[in-house]
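Below is one structure, written out as structure tokens, with a few remarks after it.
The values are calculated or read from the model by the stated rules, or taken from the named source; none is laboratory data. As the structure is a prediction and not an experimental result, all values here were calculated from the model. FYI the Cβ positions are ideal-geometry reconstructions off the backbone, even for glycines, and counts take in every protein chain you see.
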Amino acid sequence: MTASARATRTPSAGPRVSAGPQVSAGEFAIETRGLTKVFGRQKAVDGVDLAVPRGSVFGFLGPNGSGKTTTIRMLLGLASASSGDIRLLDGDMPNDARAVLPQVGALVEGPAIYPFLSGRANLQRFDAADRHTSPATRDKRVDAALERVGLSHAARKRAHAYSLGMKQRLGIANALLAPRDLLILDEPTNGLDPQGTREVRNLIRSLSDDGTTVFVSSHLLAEVEQMCTMIAIMSAGRLVAQGTLDELRAEGTAHVRVTTPDHADAHRVLTGLGLTPERHGRDDVLTAELSVPGLQPETVNAALVHADVRVRGFEASGASLEDRFVALTGEGFDVAG
Amino acid sequence: MNKNWRWLPAGIVPVVIVTAAVSGSAVAEAQPQLPARTAQELLEFVATSTDDAYSGTVEQSSNLGLPDLSLASPPGRTPSSDPTSMVLELLTGEHSAQVYVDGPDKAKVQVLDQLAQRSVVINETDAWYYDSSANEAAHAVLPDKDAAKAALEAKLQEKVAEHPELQNIPRTPAELAQAFLATIDPSTEVTVDGTSRVAGRSAYELLLTPEDATTLIGSIAVSIDSETGVPLSVSVQARGQDEAAFEAGFSAVDFSTPDADIFEFTPPEGATVTEAPTADEAKAHIDEAKARVDGKDQPAPAEEPVVIGEGWSTIVELPAGTAAQLGLNLGTGEAAGMGDIMEVKPGMDPEEVAGAQAMLEQALTEVDGGHALQTSLVSVLITDDGRILAGAVSADQLVAASRR
Amino acid sequence: MPAESTEIRIRAGGLGLTLVLSEISVLFRRLRTWAMIGALALIPILIAVVVRVSSDESASGRGPAFLNSITQNGLFVSLTALTVAIPLFLPLTIGVVAGDTIAGEANLGTLRYLLVAPAGRIRLLLVKYAGAALFCFVATLTVVVTGAIIGALLFPIGPVTLLSGDTVGIPGYFVRLLLLALYVTVSLMGLSAIGLFISTLTTIPVGAMAATAALAAVSQILGALPQLEWLHPWLFTNYWLGFGDLLRQPIVWNSFADNALLQFGYIAVFGTLAYGRFSTKDILS
């Protein structure tokens, strides 16, 4: 399965989605070409060509260990690429890091805090690290960021007393300290309760409405599906798919599911249509991928009826992203690659 | 993404440092171009420099082949003030001193030890010695210079009247230089051996080479500042030794007049101050002792030292009893083993004495008829009958001389 | 449009002194920092109390320099404490602070956020070094000032006898103490640079701290071996106890200058090594 999934990968061409008037400043907020990172002999990231349009909410999907975080580290100049180019907000990374990074807010591999400082002091510390921010407005900006993630009540508490969710909120607040053109959020809903997850989703939506490009990585498809207009899927260091949700769904193939006592006849009919039916669990159920171009489920049903196959149930399912994801990554969720 | 160039500074910096260190010493060793001078002219030049004022750091090191004293003394201790170990200490290892000189009358020498200091301060009226670790000071009132000078001149005139040949006493620097050369000429070759740089200044090298083959001294080199005539360094080469056996010289020197208050000294509160007798008191003391001895009709306490040989291989023999007077216990009949070399006298720290003794034991070797201290420049022989012989010759020659 | 706004922001940012202030405030908001300063302050207090309680004159000749002078003048507590603190306690605390500089941030994970902010790698190194240097000064000053205070409380104080036998008044002595603190601070700069470099090698701060403190010990041991005399002028600990030259009249500046030059050499070598390492390092913590 994996091999065939790779074959369907859309190489660098990628989808070109118009993302509003901002396009003129340079179409993409993030663009990589042949991005590769080698640790020892292992290729953690292998020839990734990302294209994140400005103004999009871009989901960066992949199982744990598929190279997402390493890619993000290279995007932010934390790690150097073994080969390949990165353009971030029209700047060359890591060479233009000084000019580019002030406009980028980031949450990388979970939040990190000084446990002996209060939440507020933590943010002030990170804000001071950016020489482009104004100390005069620091307190105001820090408070606004805390307010935005709902941490105002705990601002003066020492951060080591924070719960996992509070730390996560603090990490997101750090990314929001200054007005950003691009947010890179690595697993932003980690450790959050459903309420918090919803809040983060709304936050991302409102940021996007303000014109910020948001790049969200996640190993959870459902999350990405709810927030993002575009996604890219990583598997074992390679980018296996990239496009809008609809494009990816369209790339997937529909299935038919036939429940019949005459499974031998049904098998023959389906094979005759060019499909490769499989028997699943119960003897009387056959499934088949609608892999023949132009073949519609209703045609299949008609063919079965025409051949006097007794059909107890017929079900046609459209392509789900989940199937697509499983097909592309070849693995279940939460499995380290 | 080749970022290896960022390691470049880390490679360059050590190279720069090493280059600077090497070229620095190369500059120091470069020989400056100076107008040629004869030995006679150089000596005159030195003689005119006595009125100069300067200050600087003097580094002194000895390599006499003695065991290093810093190993023998317990760690963390400041150098001992006990005279024997102090002398031994100055003969081994390295020392640094700060020197201030303003003409012939004012001088200050500070021997800089770690967290301690020994200073000698001399001004027109007083001479002070101060040891910070013991917090002890010694003070001497200097005789009135002008009066002393006048008295000396008067005496000289008196003598000249008696002995007309004394008219030739050297007075001018040139005469002094000539007299010096005449005195040492038969035994020594005096040459000007090129130029050098000392403490960043260009200097002439005056080289004294003994023509006597029996002496341990190979040569003595004196660096003389080319502008002022102040000797900047002295190094003594032992025969058959590559490294200088004794070296003392400025590592930094400044020919501006030091502040006058540098030559002032007031002993700190709580310091033990020993007053040295004035010249008159000393004379009275000697006279009194003499009178007492004469009165009791006893033989003189010690014979006069005997000088054997001449020139560089001169040997000085101190008569029997001297060793005992110095607190050295050798040769009191206990032939077997070394026994206690040093006596513990009242007021001495037994531990210090033990330390000094351990050092002496290490340094002394048993020879026929006594114990010898052989260094690369000087040998000392303590005979079993208590005589002490010393000279810039080998211990064997001292033994031979002692049997004479 | 983004290029324009970047330029404006850079101009507004200026030198970015705020990161230095932030570094200092983070350093001195840590309990650990105060614990170390407290431990250093304990040295003069312990010395003074012990001397006061057992003030019989027989204990002479042993122990560090100036110990015997304390009973006569309490101001000597500072000097005694400093001679005790220099070989072990000061390098230990400096090892902790310098070893923690980069490795500590890496261990917390905060390093990645500082760099993404962006703090700039060179700038962060410089700021971290400045923080360590300030700690050196504060640590030294702690020993000196606590010593002077406890000495004044427990013993009579008065004009101070210098090594040269000259006497200076109390204000003059305090000027010298300040110079002394400066000398010791400069002495520790080389060690701080070494610590900074080691700190860029690892993400385990304890390892960097231990290695730094151990190197201080190794250097002092090598400095005590007369067989290695050729090496001594190159050891960063060579002039550590040379502060006595500031207690002479007139002050002998040689060791101050030699020490400064030596420490500068160490800063140059290990500073560039730290730069080489840190600017090429992948931040994976």
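When region C:209-262 is examined, which residues are found to be assigned to a helix (DSSP H, G or I), at pLDDT below 90 and among the aromatic types (Phe, Trp, Tyr)?
The one that is assigned to a helix (DSSP H, G or I), at pLDDT below 90 and among the aromatic types (Phe, Trp, Tyr): C:243.
Return yes or no: is residue A:41 modelled with pLDDT under 95, facing chain C (nearest Cβ under 10 Å) and out of contact with any Asp or Glu (no Cβ under 8 Å at 6 or more places or on another chain)?
Here the answer is no, as residue A:41 does not meet what is asked.
For residue A:197, state whether it is within 13 Å of chain C (Cβ to nearest Cβ), β-branched (Val, Ile, Thr) and in a helix (DSSP H, G or I).
no
Taking the stated definitions as given, is residue B:320 touching a strand residue (DSSP E or B) at 6+ places or on another chain (Cβ under 7 Å), at pLDDT 60 or above and surrounded by 14 or more Cβ atoms within 10 Å (Cβ to Cβ)?
The answer is no for residue B:320.
What pairs come out if I take residues in region A:240-267 that are acidic (Asp, Glu) and part of a loop (DSSP other than H, G, I, E, B) and pair them with residues that are surrounded by fewer than 16 Cβ atoms within 10 Å (Cβ to Cβ) and modelled with pLDDT of 80 or more whose C-beta lies under 6 Å away, six or more apart or interchain?
Between residues of region A:240-267 that are acidic (Asp, Glu) and part of a loop (DSSP other than H, G, I, E, B) and residues that are surrounded by fewer than 16 Cβ atoms within 10 Å (Cβ to Cβ) and modelled with pLDDT of 80 or more, the close pairs are A:262/A:310.
What's the total number of residues in region B:249-283 that are away from chain C (no Cβ under 14 Å) and surrounded by 18 or more Cβ atoms within 10 Å (Cβ to Cβ)?
Summing the residues that are away from chain C (no Cβ under 14 Å) and surrounded by 18 or more Cβ atoms within 10 Å (Cβ to Cβ) in region B:249-283 gives 1.
Can you name the residue in region C:165-182 that is touching a helix residue (DSSP H, G or I) at 6+ places or on another chain (Cβ under 8 Å) and within 13 Å of chain B (Cβ to nearest Cβ) and, of all such residues, is modelled with the highest pLDDT?
Result: C:180.
I'd like to verify a number: residues in region C:250-260 that are surrounded by fewer than 20 Cβ atoms within 10 Å (Cβ to Cβ) and either over 18 Å from the mean Cα position of the chain (by Cα) or facing chain B (nearest Cβ under 10 Å) (or both), how many?
Qualifying residue count, region C:250-260: 5.
So, in region A:116-126, how many residues would count as being over 28 Å from the mean Cα position of the chain (by Cα) and more than 8 Å from chain C (Cβ to nearest Cβ)?
The number of residues fulfilling the criteria is 4.
Within region A:101-115, work out how many residues are over 21 Å from residue A:158 (Cβ atoms) and either at the interface with chain C (Cβ under 8 Å from one of its Cβ atoms) or basic (Lys, Arg) (or both).
7
Please note which helices (runs of 4 or more DSSP H) are completely contained in region A:79-167 and include at least 1 residues that are in contact (Cβ under 8 Å) with a residue 24 or more places away in the chain.
Passing ranges, in order: A:119-129, A:138-148.
If I filter region A:45-86 down to residues being among the charged types (D, E, K, R) and within 13 Å of another protein chain (Cβ to nearest Cβ), which single residue comes out as farthest from residue A:31 (Cα to Cα)?
Going through the qualifying residues, I end up with A:73.
Scan C:139, C:152 and give me the residue that is surrounded by 21 or more Cβ atoms within 10 Å (Cβ to Cβ), touching a residue at least 12 places away in the same chain (Cβ under 8 Å) and aliphatic (A, V, I, L, M).
Being surrounded by 21 or more Cβ atoms within 10 Å (Cβ to Cβ), touching a residue at least 12 places away in the same chain (Cβ under 8 Å) and aliphatic (A, V, I, L, M) holds for just one of C:139, C:152, which is C:139.
Take the residues in region A:87-100 that are touching a Gly at 6+ places or on another chain (Cβ under 7 Å) and more than 26 Å from residue C:25 (Cβ to Cβ); name whichever of them is nearest to the other protein chains (Cβ to nearest Cβ).
For region A:87-100, the residue satisfying everything is A:99.
Which of the numbered conditions does residue C:172 fail, given that it passes all the others? Conditions: (1) over 30 Å from residue A:109 (Cβ atoms); (2) of a type outside the set (A, V, I, L, M); (3) in contact (Cβ under 8 Å) with a residue 40 or more places away in the chain.
Evaluating residue C:172 over (1) over 30 Å from residue A:109 (Cβ atoms); (2) of a type outside the set (A, V, I, L, M); (3) in contact (Cβ under 8 Å) with a residue 40 or more places away in the chain leaves (3) as the failure.
For residue C:237, all conditions in the list (1) more than 10 Å from chain B (Cβ to nearest Cβ); (2) surrounded by fewer than 22 Cβ atoms within 10 Å (Cβ to Cβ) hold save one; what is the number of the exception?
Of everything listed in (1) more than 10 Å from chain B (Cβ to nearest Cβ); (2) surrounded by fewer than 22 Cβ atoms within 10 Å (Cβ to Cβ), residue C:237 misses just condition (2).
Residue under question is residue C:272, and the condition is that it be within 30 Å of residue A:38 (Cα to Cα) and away from chain B (no Cβ under 12 Å); does it hold? Outline the logic, then answer.
Values: within 30 Å of residue A:38 (Cα to Cα): yes; away from chain B (no Cβ under 12 Å): no.
Here the answer is no, as residue C:272 does not meet what is asked.
For region B:124-141, which positions are away from chain C (no Cβ under 14 Å) and either buried (at least 16 other Cβ atoms within 10 Å of the Cβ) or among the polar types (S, T, N, Q) (or both)? Explain how you work it out, then say what you get.
Of all residues in region B:124-141, those away from chain C (no Cβ under 14 Å) come to B:124-125, B:140-141.
Scanning region B:124-141 gives B:125, B:140.
Could you list, in sequence order, all residues of region A:211-247 that are polar (S, T, N, Q) and farther than 20 Å from residue A:46 by Cβ?
Result: A:212, A:213, A:218, A:226, A:229, A:244.
Looking at this structure, is residue A:177 among the aliphatic types (A, V, I, L, M), assigned to a loop (DSSP other than H, G, I, E, B) and in contact with a Gly (Cβ under 8 Å, 6 or more places away or on another chain)?
It is true that residue A:177 is among the aliphatic types (A, V, I, L, M), assigned to a loop (DSSP other than H, G, I, E, B) and in contact with a Gly (Cβ under 8 Å, 6 or more places away or on another chain).
Can you report the number of residues in region A:127-164 which are surrounded by fewer than 19 Cβ atoms within 10 Å (Cβ to Cβ), within 13 Å of another protein chain (Cβ to nearest Cβ) and hydroxyl-bearing (Ser, Thr, Tyr)?
Result for region A:127-164: 2.
Suppose we keep only residues that are more than 14 Å from every other protein chain (Cβ to nearest Cβ) and in contact with a Phe, Trp or Tyr (Cβ under 8 Å, 6 or more places away or on another chain) within region B:1-44. Which one would you say is surrounded by the most Cβ atoms within 10 Å (Cβ to Cβ)? Step through it out loud before you land on a result.
Initially, region B:1-44 is screened for residues more than 14 Å from every other protein chain (Cβ to nearest Cβ), giving B:23, B:26-44.
From the residues that got through so far, the ones that are in contact with a Phe, Trp or Tyr (Cβ under 8 Å, 6 or more places away or on another chain) too are B:34, B:37, B:42-43.
On the way: B:34: 15, B:37: 17, B:42: 20, B:43: 23.
Only one residue tops the list, namely B:43.
Here's a check for you: in region B:192-220, which residue that is under 24 Å from residue B:33 (Cα atoms) and assigned to a loop (DSSP other than H, G, I, E, B) is nearest to the chain's Cα centre (by Cα)?
B:199
Could you grab the pairs with beta carbons closer than 6 Å, sequence gap of 6+ or different chains, first residue in region A:291-302 and assigned by TED's automatic domain parsing to the domain that holds residue A:314 and within 14 Å of residue A:257 (Cβ to Cβ), second one surrounded by 16 or more Cβ atoms within 10 Å (Cβ to Cβ) and hydrophobic (A, V, I, L, M, F, W, C)?
Taking only residues 6 or more apart or on different chains, the pairs are A:297/A:256; A:300/A:256; A:301/A:314.
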